[in-house]
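The values are calculated or read from the model by the stated rules, or taken from the named source; none is laboratory data. Model, not experiment: these values are computed from the prediction. Here Cβ is always computed from backbone atoms with ideal geometry, including for glycine, and neighbour counts include all displayed protein chains.
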Amino acid sequence: MRDTDRALVQAATAVAKLRCRSDNHTVAAAVRTTDGRVFTGVNVYHFTGGPCAEVVAIGAAATQGAGELETIVAVGDRGRGVLSPCGRCRQVLFDYFPSIRVIVGPMDALRVVPLADLLPETYVWSDHQVQVPAVPRTGVWPMPVVPGSRQAAED
Ligand SMILES: [Zn+2]
């Protein structure tokens, strides 16, 4: 754990205390870019599958034009401490930022692990995309591309 890793945990902890005050928002995440910028987000709980805090933090970083993400951590509300990313977030992180570091473990023994250590024998999405000719689409608002992400296949 570097000082910047501890600071990232503190940032997520502060957001969890300040913003996670209802069942709608129960986890805060903080991400640090390779150039040291920090972005935070909270989960948006909803029975339809609202996004986890990690995904919201990734979106916040992309919104601000952040580059490659280096480290991420999630902290639960009500003093639950650092939470490991769920399976969906592990896959999202792997596909967007395969070299990202993740802070995990109990508060008195936090450690940083490469994401790949949390996702052995992983499914590599880009290895399974059929290359089809691009079809021009009109009337579709262009979505910003998150740095490090891959162009989505046509749906
Ligand atoms: Zn998740």
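Evaluation of Cys20 against the conditions (1) in contact (Cβ under 8 Å) with a residue 40 or more places away in the chain; (2) within 21 Å of Trp125 (Cβ to Cβ); (3) away from the ligand (no atom under 13 Å from the Cβ) shows that the sole unmet condition is (2).
Residues are listed down the side, and each one gets a yes or a no for (1) surrounded by 10 or more Cβ atoms within 10 Å (Cβ to Cβ); (2) at pLDDT 95 or above; (3) within 27 Å of Thr26 (Cα to Cα); (4) not hydroxyl-bearing (Ser, Thr, Tyr):
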| residue | (1), (2), (3), (4) |
| --- | --- |
| Val38 | yes, yes, yes, yes |
| Tyr45 | yes, yes, yes, no |
| Ile58 | yes, yes, yes, yes |
| Glu70 | yes, yes, yes, yes |
| Val75 | yes, yes, yes, yes |
| Pro85 | yes, yes, yes, yes |
| Gln151 | no, no, no, yes |
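Exactly one residue among Val31, Val9, Val44 is touching a helix residue (DSSP H, G or I) at 6+ places or on another chain (Cβ under 6 Å) and either of a type in the set (A, V, I, L, M) or away from the ligand (no atom under 15 Å from the Cβ) (or both), and that residue is Val31.
Here Glu68 fulfils each of the conditions (1) in contact (Cβ under 8 Å) with a residue 60 or more places away in the chain; (2) within 16 Å of the ligand (Cβ to nearest atom) apart from (2). Scanning segment 71-99 for residues that are more than 13 Å from the ligand (Cβ to nearest atom) and touching a Pro at 6+ places or on another chain (Cβ under 8 Å) returns Gly81, Val82, Ser99.
Which residues, taken from segment 44-78, are within 21 Å of Ser22 (Cα to Cα) and assigned to a loop (DSSP other than H, G, I, E, B)? Val44, Tyr45, His46, Phe47, Thr48, Gly49, Gly50, Pro51, Cys52, Asp77, Arg78 - these are the residues of segment 44-78 that are within 21 Å of Ser22 (Cα to Cα) and assigned to a loop (DSSP other than H, G, I, E, B). When the test is whether a residue is more than 15 Å from the ligand (Cβ to nearest atom), under 22 Å from Met1 (Cα atoms) and touching a helix residue (DSSP H, G or I) at 6+ places or on another chain (Cβ under 6 Å), Gly105 does not pass it. Within segment 94-105, restricting attention to residues that are over 20 Å from Thr26 (Cα atoms) and touching an Asp or Glu at 6+ places or on another chain (Cβ under 9 Å), which residue is surrounded by the fewest Cβ atoms within 10 Å (Cβ to Cβ)? Within segment 94-105, the match that is surrounded by the fewest Cβ atoms within 10 Å (Cβ to Cβ) is Ser99.
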